[in-house]
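Written below as structure tokens is the structure these notes are about.
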4 protein chains.
Amino acid sequence: MRFFSDNAAACHPAVLDALARADRLDTAYDGDAWSKRLDNAFSDVFETEVRALWVTTGTAANCLALAALCPLYGAIVCHRDAHIENDEAGAPGFFTHGAKLMLVEGRGAKVTPQAVEEACARIRPDVHQVQPRALSITNATEYGLTYSVSEVGALGETVRRRALGFHMDGARFANAIAATGASPADVTWRAGVDALSFGFVKNGGMSAEALIFFNTELADETLVRRKRAGHLLSKGRYLAAQLLALLEDDRWLANARAANAAAATLAKAAGDRLALPVEANELFVRMTPEEAARLRSAGFDFYDWAPGEVRLVTSWDQDMAAVGRLAEAIAAL
Amino acid sequence: MRFFSDNAAACHPAVLDALARADRLDTAYDGDAWSKRLDNAFSDVFETEVRALWVTTGTAANCLALAALCPLYGAIVCHRDAHIENDEAGAPGFFTHGAKLMLVEGRGAKVTPQAVEEACARIRPDVHQVQPRALSITNATEYGLTYSVSEVGALGETVRRRALGFHMDGARFANAIAATGASPADVTWRAGVDALSFGFVKNGGMSAEALIFFNTELADETLVRRKRAGHLLSKGRYLAAQLLALLEDDRWLANARAANAAAATLAKAAGDRLALPVEANELFVRMTPEEAARLRSAGFDFYDWAPGEVRLVTSWDQDMAAVGRLAEAIAAL
Amino acid sequence: MRFFSDNAAACHPAVLDALARADRLDTAYDGDAWSKRLDNAFSDVFETEVRALWVTTGTAANCLALAALCPLYGAIVCHRDAHIENDEAGAPGFFTHGAKLMLVEGRGAKVTPQAVEEACARIRPDVHQVQPRALSITNATEYGLTYSVSEVGALGETVRRRALGFHMDGARFANAIAATGASPADVTWRAGVDALSFGFVKNGGMSAEALIFFNTELADETLVRRKRAGHLLSKGRYLAAQLLALLEDDRWLANARAANAAAATLAKAAGDRLALPVEANELFVRMTPEEAARLRSAGFDFYDWAPGEVRLVTSWDQDMAAVGRLAEAIAAL
Amino acid sequence: MRFFSDNAAACHPAVLDALARADRLDTAYDGDAWSKRLDNAFSDVFETEVRALWVTTGTAANCLALAALCPLYGAIVCHRDAHIENDEAGAPGFFTHGAKLMLVEGRGAKVTPQAVEEACARIRPDVHQVQPRALSITNATEYGLTYSVSEVGALGETVRRRALGFHMDGARFANAIAATGASPADVTWRAGVDALSFGFVKNGGMSAEALIFFNTELADETLVRRKRAGHLLSKGRYLAAQLLALLEDDRWLANARAANAAAATLAKAAGDRLALPVEANELFVRMTPEEAARLRSAGFDFYDWAPGEVRLVTSWDQDMAAVGRLAEAIAAL
């Protein structure tokens, strides 16, 4: 009974079905029929014309977006706990050719307009200091918090005033949308976001993520950068097919709702032990090492996050019986 | 009836089966059971202890290998027609951080020891000139020729004498092995090769290629570079499973033999029209634009390669009836 | 009467004399007689065999050193107020090809072993996080504080235990040596430092800085990187001659002592207004904007550092009468 | 009696004088009075508004220009014998972050419109191939040939049609202007050149070269790149002063004329031995090793260029008596 990471879950059956349907000769790279449907499919989701590129990892999606939004001699404002800062092995530095991450603080890995403004204001506008050129936020955050439409909008104001590019790391975008009920359009381009890493792998996909450009002018150059980074798969239809399968019938939303519901069940059981509100599919639960050991010996697997704190992540396919047993076990601690 | 590229073919049924079998929760990234079997599985193929990493493209495999073998201020000797020079959008420059390709000539994209030696001898050993530090050859070549064990061995001698790293781009390694009957060990590490891009996608795979290090000391750093380039997929088991499925029962060899046999049938029909001997699964056939048009109107799809020359590529799943019809059509031109 | 920066001062007369003496045909680049004397001249200063390269800027010296000490996928621990973090336009990212600066706190821009240890301990040893591979400290610091031999030695212990490279940014190394009386050897290689950016331009030079490798194995590769970065001047003798002129008769020490003495005079006058002890040639003095304006209207030029704080920097050639007048003016505030 | 390289000559006396005059406190970096005069001084030379940046090497000037003119995923067309290809240690790859040099052939290192057109035409306009984005020519070439105004203009036509950036490496631009009598404006921006590396070090300077932007929009970004590459010297006035001294009274032209005249004298003596016409200050003279040895034993120093061919380079300060003796010695061979 694993509550370790949504990264490790199985695929949604529709994904495997889609691979089988895509399993015939077609044009190579992204010239196939499936890949060609992506722009339209995502434009429907976002109620505006977007450009949508498949990639195989969130790191690639994030870093291609950052490279498109920030010149190589610029800086990207992000939270100290952002995935791009902590868990991508320096990929932002690689893809952007040395641009800098300018770290800000904020509860639960959330970035505020004040924090962005202060970070920017500290920089002298001269050639000696690296100038802020982009903002990257994660929604839902690395701590499972979500941004409201007005919160993103307020960041969008700062971004506009400071002439920054605006990237959203949506590794768990589906969970955020499912949790807040916000429209995908409202919480992204209408609020000023230029590019979104739209995660599918944590949400029932196998190996395909989507990089969405609302600022469509950035897409063509990114096609070149994707190839140059070795990310243009020759049988791209197998990636596009996964994305289309999860978009169809709003499976991506259903999957996210299932994961969020499992998290909510656990959150209720955890009560005062929660270090942060549970808004999506991640829980940070205070417990002693002995308590954690007790849960583990009962067959539950999860991550030690910090001294006296564990992280639980629920997936789209979480067995609700196991969730119930874990909820009981936590309540009984 | 497409003879366009083996890049566009379907997957071997065993690959889809393997994906279905891998479709359950496991450890993320490359910590899963399938990924952990790769080193051993490829060590068996090569009769020595190797390190094997999955990646999703040949470009990534090639360029991670080059980055491991050549310092960023060095040069990689390769053929003017090499894929790394012509078809990877400058990915070698990206992954190596600016190392240079030093181009040599040679029939059918083959590199000779003399050509390598001459290229190296032209460089003054000072800080003004970029020093050759690696050699990369393609087997089978971009023109469908293969290297014999002794040819690779002779290059290995040059490599040793010049203290170069030695990379083999084996996008069609299976076709080369099937064609020559050479042992995988003899034509690689026993001949001095340090790293091999072992292609599976053109040979029945879906999205997994293997990067093999015979010089196993280079693997750990490459694990970091793979992650840094956004190539560490979170559900890596779906890649490993593809490779294992194609290694099992020597499916990779059977697939390559099928493709080669189809090419041989066409070669026989093409006779004097062949611009180069057909040793693997690619044919370069001289014909007028009118002749090419006639074949196309009969339903055959292929690539115009050069004025008066077309390229035909056969795949592991080529329909032999269609091959027969194309052979007849060519003979009847 | 400028107390703005030692960056803007004139050259020591011996430097111009040396240029005139070097002004004849010699071998180009660094093959000339002056350049060839550098290794020995600096080996004498440091009582061990070193490799010494001229460069034209501290940024180049720092970043070539960092590139030699840290792999491109690693991190360099440094202070949040370090010059490499704040005033080099991202040059560390450029020269190292994307390595990361891992920032620590500490009074007056000084780094402690504890801070380094904590920064390193926060990093999981996996491929997802950028691993610390080097430490860079500045002596004297950006806030004019110096490191004692035992402080550097304690950092050297941490460096050894963590297998880091160890760089010292000595833009004001002369001032630090003059202030502490430490031997150049004791405060560098004997304490574990691998490479030193030894500043001369702020200390009476015109356009030459020295990059000193105590870990001499790193020098040859750096010769290539220097050329590759466009920093191998064709008439290098004019750089080497500057360095030799300032080493001769310990002019570098005399110059630093003069600058430090001027700072000490001002420090005495500033008394309780000092935000930090004055150990070299920089003063951070608390005063209201009105007080600062009063000094400026009396003809003194300096930098507003922070709200209610100004920075004064003294140079090797500071006019002592002006220093006296400024001391009086400060005391009279 | 050295005919080795103009790289190794002494400085013009006016340069040392200018250094002495600049030797007083001024604003640091490029904020000083001398640096601020550069734009106007070079605008006068080129009869249009230009932006002029000092740098310390031709490699830095060339590569900053290339980085401004070519995106990092593009290619720069240049001659196989270009300095950027052969003698800059891969600096173009470093400064451009991996852009590619696309080599063409041509007599005496000259590039023709046909060669550029053919190189561009070979590239498919897709994401797999690196697209040509800039052209770089050297005037005078590495073989001492010059471009006429109409030749550069014809290249400018190609550049416009292909939407390339256009860089001229003018390490010996002065020699070219002195030789052809062309106006600096006609042979550069009026013919379509965007950026010029205007060499001064080979022509009587000490350590300052000029990077001239006719496309002035590129200058601001290049100021950042210059700093990021460690090329923003803190006492920039000593560089600007050199350039101004050589511009004053057209010393740069007088120096170039002197060097060219020396070369012409030698060329006359060499007669049929010349491998190429002598248009500036370089001679490529056919002679046997025995003949070369005879000249050397008579006290003449020069470079063996190729089997049976030596290179002679004359400098602005070449002793005309020595030139006469060498001319006699060559004639007497």
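The values are calculated or read from the model by the stated rules, or taken from the named source; none is laboratory data. Note that this is a predicted model, so its numbers are computed, not measured. Positions of Cβ are backbone-derived with ideal geometry, glycine not excepted, and every protein chain shown enters the neighbour counts. Please note that ligands, DNA and RNA were not included when accessible areas were found on the heavy atoms of the full protein model with its side chains. Shrake-Rupley method; radii C 1.70, N 1.55, O 1.52, S 1.80 Å.
Between D:Asp272 and D:Ser43, what's the calculated FRET efficiency when r is the beta-carbon distance and R0 is 41 Å? Round to 0.05. Display every interim value, and only then the final one.
Details: r = 45 Å, r/R0 = 1.09.
Efficiency for this residue pair is about 0.35.
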For segment C:132-245, what's the relative contact order in percent, using C-alpha pairs closer than 8 Å and at least 6 residues apart? 23 percent
Sorted on mean Cβ neighbours within 10 Å (highest first), peptides D:112-120, C:169-177, A:142-150 come out as C:169-177, A:142-150, D:112-120
Listed residue (C:Trp252, C:Pro307, C:Ala264) projecting farthest to the positive dipole end of segment C:252-331, Cβ model: C:Ala264
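Over chain A, what is the relative contact order in percent, taking alpha-carbon pairs closer than 8 angstrom and at least six residues apart?
Answer for chain A is 24 percent.
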Probe radius 1.4 Å, ligands and nucleic acids ignored: give me the carbon and sulfur share of the accessible area of segment D:13-249 as a rounded percent. 47 percent
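In chain C, which whole DSSP H runs stretch at least 18 Å along their own axis (Cα) and average -0.5 or higher on the Kyte-Doolittle scale? Before the final figure, lay out the partial values.
Details: long enough: C:149-162 (20 Å, -0.33); C:251-270 (28 Å, 0.29).
Membrane-span-like by this rule: C:149-162, C:251-270.
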Shape verdict for the protein assembly as shown, please, from the Cα gyration tensor: rounded (a/c under 1.5), prolate (a/b greater than b/c) or oblate. oblate
Compute, for segment B:252-331, the length of the dipole vector about the Cα centre, with Cβ point charges of +1 (Lys, Arg) and -1 (Asp, Glu) only. Units Debye, rounded to 20. 120 debye
Could you tell me the distance between the Cα centroids of segment A:215-251 and segment D:131-157, to the nearest Å? 41 Å
Where a ≥ b ≥ c are root eigenvalues of the Cα gyration tensor, a/c under 1.5 meaning rounded, otherwise prolate if a/b exceeds b/c and oblate otherwise, segment A:267-333 counts as rounded
Give me a single rounded figure for B:124-134: the average over its residues of other chain Cβ atoms within 10 Å of their Cβ. 5
I need the phi-derived Karplus couplings for segment A:84-94: 6.51 cos²θ - 1.76 cosθ + 1.60, θ = phi - 60°, integer Hz, Gly and Pro marked x. 4, 7, 9, 9, 10, 6, x, 4, x, x, 6
Where is the GNM fluctuation largest for chain C (alpha-carbon springs, 10 angstrom cutoff): C:Trp189, C:Trp252, C:Trp34? C:Trp34
Can you list residues whose amide H is under 5 Å from D:Gly74's amide H, if they're 5+ apart or on another chain and H is modeled 1.01 Å from N? D:Lys100
For the ranges C:236-248, B:152-164, D:206-218, what's the packing order if you count other beta-carbon atoms within 10 Å of each residue, average per peptide, and put the highest first? C:236-248, D:206-218, B:152-164
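Counting helices only, and only those DSSP H runs with n ≥ 4, report the 222 nm mean residue ellipticity of chain C as the sum of -39,500 (n - 2.57) divided by its residues, in deg cm²/dmol to the nearest 500. Write down the numbers at each step before the final one.
Working: 14 runs with 138 residues, N = 333.
Calculated mean residue ellipticity at 222 nm is -12000 deg cm²/dmol.
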With one decimal in nm and the nearest listed first, the spacings from D:Ala33 to its own position in the other copies, using label points 7 Å along Cα-to-Cβ, are 3.7, 7.7, 8.1
Measuring from its Cα centre, chain A shows a charge dipole (+1 at each Lys and Arg Cβ, -1 at each Asp and Glu Cβ) which, in debye to the nearest 20, is 420 debye
How far, in whole Å, is the closest Cβ of chain B from the axis that maps B onto C, and which residue does it belong to? B:His97, 2
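Other chains near A:72-80: what is the mean number of their Cβ atoms within 10 Å of each residue's Cβ? Walk me through the numbers before you get to the answer.
Values: counts 10, 10, 2, 2, 0, 0, 0, 0, 0.
So the per-residue partner count for this stretch is 3.
Quick check for me: using +1 on Lys/Arg Cβ and -1 on Asp/Glu Cβ, what's the dipole size of the protein assembly as shown about its Cα centre, in debye to the nearest 20?
Numbers: 136 positive and 168 negative charges, 0 e Å.
Around 0 debye, computed over the protein assembly as shown.
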Would you be so kind as to list the residues of segment B:190-213 that have their accessible area lowered by at least 10 Å² in the full protein complex compared with their chain by itself (1.4 Å probe)? B:Val201, B:Met206, B:Ser207
Given a 1.4 Å probe, show me the residues in segment B:37-68 buried by at least 20 Å² of accessible surface when comparing the whole protein assembly to the chain alone. B:Thr56, B:Thr57, B:Thr59
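Given R₀ = 41 Å, FRET efficiency for D:Arg161-B:Asp126 by Cβ-Cβ distance, to 0.05?
On the way: r = 39 Å, r/R0 = 0.94.
Plugging the Cβ-Cβ distance into 1/(1 + (r/R0)^6) gives 0.60.
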Other-copy label distances relative to D:Ala298, 7 angstrom Cα-Cβ extension, nm: 7.3, 7.5, 10.1
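Residues of segment C:93-221: accessible area per residue at 1.4 Å, in Å²? Could you put the intermediate results ahead of the total?
Numbers: 4070 Å² over 129 residues.
I get 32 Å² per residue for segment C:93-221.
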Work out how much length B:Leu333 to B:Lys36 would gain on full extension: take 0.36 nm times their residue separation and subtract the Cα-Cα distance, in nm to one decimal. 101.7 nm
What does DSSP give for segment A:13-249 in terms of the percent of beta bridges that are antiparallel, rounded to the nearest 5? 30 percent
For segment D:26-73 and segment B:3-82, what is the centre-to-centre distance using only Cα atoms, to the nearest Å? 47 Å
Entries of A:Lys110/A:Lys202; D:Lys36/D:Lys202; A:Lys110/C:Lys110; C:Lys110/D:Lys235; C:Lys227/D:Lys100; A:Lys227/B:Lys202 with Cα pairs more than 22 Å apart: D:Lys36/D:Lys202; A:Lys110/C:Lys110; C:Lys110/D:Lys235
Taking a label point 7 Å from the Cα of B:Ala322 along the Cα→Cβ vector, which residues of segment B:279-293 have an amide N closer than 19 Å to it? B:281-285, B:292-293
Between copies, how far does the label point of A:Gly271 sit from its twins, in nm, shortest first, when each point is 7 Å from Cα along Cα→Cβ? 6.3, 9.1, 11.0
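Roughly how crowded by other chains is peptide A:237-245, in terms of the mean Cβ count from those chains within 10 Å of each of its Cβ atoms?
Values: counts 2, 4, 3, 0, 0, 0, 0, 0, 0.
If you average over the peptide's residues, the count of other-chain Cβ atoms is 1.
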What are the residues whose amide H is under 5 Å from the amide H of C:His231, where those residues sit 5 or more places off or on another chain and H is modelled from the backbone? none
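For a Förster distance of 35 Å, can you work out the FRET efficiency between the beta-carbons of C:Ala20 and D:Ser297, rounded to the nearest 0.05? Before the final figure, lay out the partial values.
Numbers: r = 33 Å, r/R0 = 0.94.
FRET efficiency, C:Ala20 to D:Ser297: 0.60.
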In the protein assembly as shown, what percentage of the DSSP-assigned beta bridges are antiparallel, given to the nearest 5? 45 percent
Could you name every residue in segment A:85-121 that has 30 Å² or more less accessible surface in the full protein assembly than in its own chain alone (probe 1.4 Å, ligands and nucleic acids excluded)? A:Glu85, A:Asn86, A:Asp87, A:Ala89, A:Gly90, A:Phe94, A:His97, A:Gly98, A:Lys100
Determine the total buried accessible area between chain A and chain B, counting protein heavy atoms only with a 1.4 Å probe; round to the nearest 100 Å². 3800 Å²
